[in-house]
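Right, I'll just put the structure down here and ask away after.
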Amino acid sequence: VSHTKMTMLDMAKIDDMVAQGHKVLVKIGADWCLACKYNDIFAFNIEHIQDALVNNGVNVIEIDWTNYQTGVLNFMQKFGRRGLPFYVLFSSTLMFLEVLFNTAFTRAITS
């Protein structure tokens, strides 16, 4: 499992990981996003979520949108979104995760 922080979205890297059979969770947030900070603490920093990410080989890519990037906005708009927080899980089946609930999120990364 890898955890990568970026400021620009690299779809080629994501596509390569998925083609190799990996799951990729893209988290887009910003320093000014309180909901992003909340989710980092109360959704992603929970032991069973961390274990599920590791045990299911989910690669996490965090995109920092603190300094606006048009490419990141265009990516979010493909999913009908223009705001933060934004999460999408790429695997053999794409899953868009707008709101994180522990059970639904765990189910998504373990399926």
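The values are calculated or read from the model by the stated rules, or taken from the named source; none is laboratory data. What you see is a predicted model, and the numbers here were worked out from it, not measured in a lab. Note that each Cβ is placed from the backbone with ideal geometry, even for glycine, and that neighbours are counted across all protein chains shown. What goes into the accessible areas is simple: the full protein's heavy atoms, side chains included, and nothing from ligands, DNA or RNA. Shrake-Rupley method; radii C 1.70, N 1.55, O 1.52, S 1.80 Å.
5 Å is the cut-off here: which amide hydrogens, built 1.01 Å from N in the peptide plane, fall below it relative to residue 62, excluding neighbours closer than 5 in sequence?
For residue 62, the qualifying residues are 4, 5, 6, 27.
In a Gaussian network model over the chain where Cα atoms closer than 10 Å are linked, find which of 37, 13, 78 has the largest mean-square fluctuation.
Result: 78 has the largest fluctuation of those listed.
What number comes out for accessible area per residue over region 1-101 if the probe is 1.4 Å? Units Å², please.
Value returned for region 1-101: 56 Å² of accessible area per residue.
Of all beta bridges DSSP finds with both residues in the chain, what is the antiparallel percent, to the nearest 5?
Details: 7 of 18 bridges.
Roughly 40 percent of the DSSP beta bridges within the chain come out antiparallel.
Separate question: Counting only other residues whose beta carbon sits under 13 Å from that of residue 54, what net charge do I get with K and R as +1, D and E as -1? Walk me through the numbers before you get to the answer.
Numbers: positive: 23; negative: 47, 51.
Cβ neighbours under 13 Å give a net charge of -1.
Sticking with this structure for a sec: So I have (1) 1.06; (2) 1.30; (3) 0.99, and one of them is Cα Rg over 2.2 N^0.38 Å calculated from this model. Which one is it?
(3)
What figure, in Å² to the nearest 10, do you get for the accessible area of residue 107 with a 1.4 Å probe and non-protein molecules left out?
Residue 107 has an accessible surface of roughly 140 Å² with all protein chains in place.
Hey, another quick one. Comparing 89, 34, 53, which has the greatest mean-square fluctuation in the GNM of the chain with Cα pairs linked when under 10 Å apart?
Answer for the Gaussian network model of the chain: 34.
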